[in-house]
Amino acid sequence: MTMEGIDDYMLPCLTKKYLGFDCFGCGMQRATAFLFKGDFVAAFKIYPAIYPLILLLIFLFLNMFVSFRHSERIKIILILVTIVTIVGNFILKIIIN
């Protein structure tokens with residue numbers, strides 16, 4: 001799952017580098033790179049929260065221009081799904097490693 005060239009430009013995770021374990025955002029850069037290459041399964045495997053995060057960002061952007069019914073409720077649900085996915089992935093990484 002290596003990507004030629006783009007690895008040279010990715011920022012290192014300082015938490016992993018200095019403390020030895022992944023942070024809540026570890027894998028987000030690589031998942032985004034996989035998305036741009038069209039490898040959606042690899043993006044999910046690297047960072048499962050990428051899809052709820054994208055949905056949240058798209059909704060927040062659209063909500064700046066379009067008024068949605070129950071937008072506050074939708075925001076809260078998307079935020080909670082994103083947080084649960086991020087924290088769940090973090091816990092699974094700790095358990096597996």
Of the numbered conditions (1) open to solvent by less than 30 Å² (accessible area, probe 1.4 Å); (2) on the phi < 0 side of the Ramachandran plot, residue 74 fails exactly one; give the number of that condition.
(1)
What's the number of the only condition in (1) in a helix (DSSP H, G or I); (2) within 16 Å of the chain's Cα centre (by Cα) that residue 18 fails to meet?
(2)
If we ask which residues in segment 80-95 are loosely packed, with under 15 Cβ neighbours inside 10 Å and over 14 Å from residue 24 (Cβ atoms), their number turns out to be 2
Going through 68, 34, 24, 90 one at a time, which residue ends up being among the aromatic types (Phe, Trp, Tyr) and without any contact (Cβ under 8 Å) to a residue 24 or more places away in the chain?
68
Where residues in segment 54-71 are open to solvent by less than 100 Å² (accessible area, probe 1.4 Å) and part of a helix (DSSP H, G or I), which of them is nearest to residue 36 (Cα to Cα)?
54
Residues located in segment 21-53, provided they are of a type in the set (D, E, K, R), under 14 Å from residue 88 (Cα atoms) and assigned to a helix (DSSP H, G or I):
45
Residue count for segment 26-40, restricted to those that are surrounded by fewer than 16 Cβ atoms within 10 Å (Cβ to Cβ) and within 13 Å of the chain's Cα centre (by Cα):
1
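The values are calculated or read from the model by the stated rules, or taken from the named source; none is laboratory data. Small disclaimer: the values here were computed from a predicted structure and weren't measured. Note: ideal-geometry Cβ built from the backbone for every residue, glycine included; neighbour counts use all protein chains shown. Side chains included, ligands, DNA and RNA excluded: accessible areas come from the protein's heavy atoms. Shrake-Rupley method; radii C 1.70, N 1.55, O 1.52, S 1.80 Å.
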